[in-house]
Amino acid sequence: MSVHIKHITPALYARFEGIQPDMEIDNVSIDSRSLQNNGGTLFFALTGQNRDGHQFIPALIEKGVQNFVVNHVPAGSEGKANFFIVPDTLKALQDFAIYYRQLYNFPVIAITGSNGKTIVKEWLNYLLSPDYNIIRSPKSYNSQVGVALSVIGINEHHDLGIFEAGISTVDEMEKLEPIIRPVIGILTHIGSAHDEGFENSAQKVSEKLKLFTHVKTLVLQNNAEVINLVPDGVHTFSWGYNDENAVVNIHRVAAAGGTQLTFSYRGSFDINIPFADDASVENAISCAMTMLSLDYSAETIAARMAGLYPVELRLQVKNGINDCTIIDDSFNADYQSLKIALDFLEQHKTHQEKTVILSDVFQSGFDTSVLYAKVAKLLAGHNISRVIGIGETISRELADFPNFYPYKDTKEFLANFKPSGFNDQTILVKGARSFRFDEIVVLLEEKTHETVLEINLNAVVHNLNFYKSRLKPETKIMVMVKAFGYGAGSYEIAKTLSHEKVDYLGVAFADEGIDLRNAGISTPIIVMNPENTAFESMIAYNLEPEIYSAKELRAFIALAQQKNLSNYPIHIKLDTGMHRLGFQENQLEELISLLRNNNFVEVRSIFSHLSASDSPQFRDFTLEQISKFEAWSTVLTEALTIKPIRHILNTSGIYHYPQSQYDMVRLGIGLYGVGNDATEQKFLQNVGTLKTVILQIKQVPAGDSVGYGRRYMARQLVSVATLPIGYADGIRRAWGNGKGYVTINGRKAPILGSICMDMLMVDVTGIDCKEGDTAVIFGEGPTVHEMAEVLETIPYEILTSISQRVKRVFYKE
Ligand SMILES: *Cc1c(COP(=O)(O)O)cnc(C)c1O
């Protein structure tokens, strides 16, 4: 990209306040943390409820960024850079994308729908790339921001665009349409996802169809309700199963290794695809239809479709051998996604040392030497300690790069692989699919059994933002990461949240805080149950104690005095009714006398804990706790003339008593995706999915039994699948014997007989599945709520009981 800044003012309808009106920009950024920000960057200071881009401007100027799109010039930055002042910086980003898009004139395909957008996009890229230089949305960049950033990636070498667009409510699609300006549209499967944002499904479909207002051809499944809503003048190119009214009639039969599709269109021809499930077949048909509309021959379509492959779109963070962390992006290697992966590496690195294993990079259009010069610059900018290049082109082009280790192909790398070459570092594994870097990941990954607890880090951020949206902007947030982050992994949660606005972390024991400090977390940490024996190490690691008794306070002050500390932060806990820990009313006087004129410690906060904030029937009791808190904390602040942070609400408190949010709240279970009631639950995203695989499937005849104690007796022939997860992994035995179930390929498989220590058996009669298939123990279904209800416990216990032998895998979309 190269845009002179004189074009920016009119394109953004902005007011220019600058010092250097004659310069070009060559990239756009919205992320202050990106190491890719430089003198050629145009930085858009987006504002959200969670982060305000304006606050990072002084630091960015320091780093050399000179052009900013802002809604005001931050105090102190006047005259230090160029500012484009607009009322709404997000709209300005979109206006810039609109301006940028119209500089290029080539066909663009746009995809929307409820499911399958990203897969159709990736498959089309694969199917069409032999003939076009394609620009496509990286990953699933389909939002109001993502679409704009995707389009800004266009350069003069591209001759086809494939962009996806997603909306969650009305009036969003008309903003994306002029940015994408498609000529071919694809409507993928319309499901019930995101229905909350729309009044009804007709409204949802109509809003999505606004993307296609100006297309020449629209590919979609024939369905009278949808077709009736298509804007006038749009030519529909429809398909249907055994549907004479569709333009293309398709007959579908299962075939060895997948599905055979017979297309009736200008004659008849067959396409075989290596998938059998409904969603994949539909997505493949969308691709074939698009190829037909581009006049591809039946032979070419059939030949290319046979090579479709499963798409893995997520960057996954995995534990590696020798204390390494692996970031697995072994799926594609184009320049755009390399930029994203390197930023991800920087933000998720757990070690000083960074290794990148990179295949040949594909970016249609650029000359090879230009492309690799850009790649080299990117790698250098990210301070990568070692680059392992696999492929003939990268080996040649980066030969002079410092600390570069070339390999001809993946086979050569695997043959020479030594585990000892990888110690205590974060490794980004990034390769085009044809390089089969999944085989490298297998070698680098720590070996454990197949059971994993997958943690969706996007969902954690989403849930945090949901609760923030219910709070005043100035209210501080403490996130509870005790008990290994409610089982979800305290370090990764803390690391993810260190990029969000979180003011405190809460742990139960000093050891948990020390682990976080050792892993590089610098957010203030409160230890909720400090033991006197841990005071010494708490001070060494800058952890702040909860003080709940005079005895404890005396001991801490004595140590602070001995160590010559001044104003060490402490947090006073009041017992307003929980009767667990804390000062009661008659102890306040003693507390005041201990704290008065004492400079060794400083009361950073005063708090209390609600015992029934989730129970509407105890509303009066809760309000009484709150009024005691108000009264007692006021006694303390007046007697000591201090202004500490006050806080009393946990997750359900935030939901039910937002008027009592004081200066801070303590968010726990909600962050991990578990709400109090169905309404609250609807706003949250699932965070943890416990998964395992089918070890063996067998047929059990009527009259035989399954498992210990012969507790299940087959009444007819049943298919039984054995899963390698048991009560030692934290699945309670009470969940067995017909009470609980797992989900296999979307279907419920009831647990048969008693759960064993390391295994359990489920009934898969009539379920299309095979050995090696995934079984979901909990996640979207069954939910932890469901399990808790049956087991007569609470979701907290289910989450925190998952044993540490279950590997945690973290991912971000
Ligand atoms: C665990 C805990 C919380 C968080 O409670 P949730 O119900 O999970 O939100 C808040 N405050 C204290 C003192 C806690 O121990």
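Distance from the alpha carbon centroid of region 100-131 to that of region 693-745 works out to 45 angstrom. Tell me the relative contact order for region 85-217 as a rounded percent, counting alpha carbon contacts under 8 Å between residues six or more apart. Rounded, it is 33 percent for region 85-217.
With the simple model of a label 7 Å out from the Cα in the direction of the Cβ, ASN597 to HIS499 spans 5.2 nm. Could you give the DSSP H helices of the chain that reach 27 angstrom or more along their long axis (alpha carbon positions) and whose average Kyte-Doolittle hydropathy is no lower than -1.0? Answer set is 619-640. Once you keep just the Cα pairs under 8 angstrom separated by 6 or more residues, what percentage relative contact order results for the chain? Once divided by the residue count of the chain, the mean separation gives 8 percent.
Using only alpha carbon pairs under 8 Å that are at least six residues apart, calculate the relative contact order of region 104-305 and give it in whole percent. Computed over region 104-305, the figure is 18 percent.
Fully extended, how many nm does the chain gain between VAL790 and GLN659 (0.36 nm per residue separation, minus their Cα-Cα distance)?
Separation in residues times 0.36 nm, less the Cα-Cα distance, equals 43.8 nm.
Which shape class, rounded, prolate or oblate, goes with region 454-681 when its Cα gyration tensor gives a ≥ b ≥ c as root eigenvalues, a/c under 1.5 marks rounded, and past that a/b bigger than b/c marks prolate? Cα axes put region 454-681 in the oblate bin. Name the shape class, rounded, prolate or oblate, that the alpha-carbon gyration tensor gives for region 317-446, where a ≥ b ≥ c are the square roots of its eigenvalues, rounded holds for a/c under 1.5, and otherwise prolate holds if a/b is larger than b/c and oblate otherwise. Since a/c reaches 1.5 and a/b is larger than b/c, the shape of region 317-446 is classed as prolate. Here the spin labels are modelled as points 7 Å beyond Cα on the Cα-Cβ line, and at ARG554 and ASP409 they lie 7.7 nm apart. Here LYS63 and LYS6 are evaluated by their C-beta separation; at R0 = 22 Å the FRET efficiency comes out at 0.35.
Could you compute the FRET efficiency for TYR104 and ILE321, with r as their C-beta to C-beta distance and R0 at 51 Å, rounded to 0.05? Given R0 = 51 Å and the Cβ-Cβ separation, E is 0.65.
Residue-wise HN-Hα couplings along region 674-684, as the Karplus relation 6.51 cos²θ - 1.76 cosθ + 1.60 with θ = phi - 60° gives them from phi, are 10, x, 7, 9, 4, 5, 5, 4, 4, 8, 9 Hz; Gly and Pro carry x. Take the Cβ atoms of THR634 and ALA702, set R0 to 51 Å, and the FRET efficiency comes out at 0.10. Restriction of the GluC sites (Glu not before Pro) in region 457-527 to DSSP coil positions whose beta-carbon has at most 13 other beta-carbons within 10 angstrom yields GLU474. Applying the criteria of a DSSP loop state and at most 11 other Cβ atoms within 10 Å to the GluC sites (Glu not before Pro) of region 1-93 yields GLU78. Dividing the summed helix terms, -39500 (n - 2.57) for each DSSP H run of n ≥ 4, by the number of residues in the chain produces a 222 nm estimate of -8500 deg cm²/dmol to the nearest 500. Sparsely packed loop sites in region 405-479 (the chymotrypsin sites (Phe, Trp or Tyr not before Pro) outside DSSP H, G, I, E and B with at most 11 other Cβ atoms within 10 Å) do not occur. A cut-off of 5 Å between modelled amide H atoms, ignoring neighbours fewer than 5 places along the same chain, links VAL742 with ALA749, ILE751.
Between the alpha-carbon centres of region 299-357 and region 236-278 there is a gap of 33 Å.
Of interest is the spacing of the C-alpha centroids, which for region 597-673 and region 161-200 amounts to 43 Å. Going by the alpha-carbon gyration tensor, a ≥ b ≥ c the square roots of its eigenvalues, is region 16-98 rounded (a/c under 1.5) or, if a/c is not under 1.5, prolate (a/b greater than b/c) versus oblate? Rounded. Put a dot 7 Å past the Cα of ASN416, heading toward its Cβ, do the same for GLU624, and the two dots end up 7.5 nm apart.
Values in this text are rule-based calculations from the coordinates and carry no lab data. Quantities reported herein were computed from a predicted structural model and do not represent experimental measurements. Neighbour counts run over all protein chains shown; Cβ positions are idealised from the backbone, glycine included.
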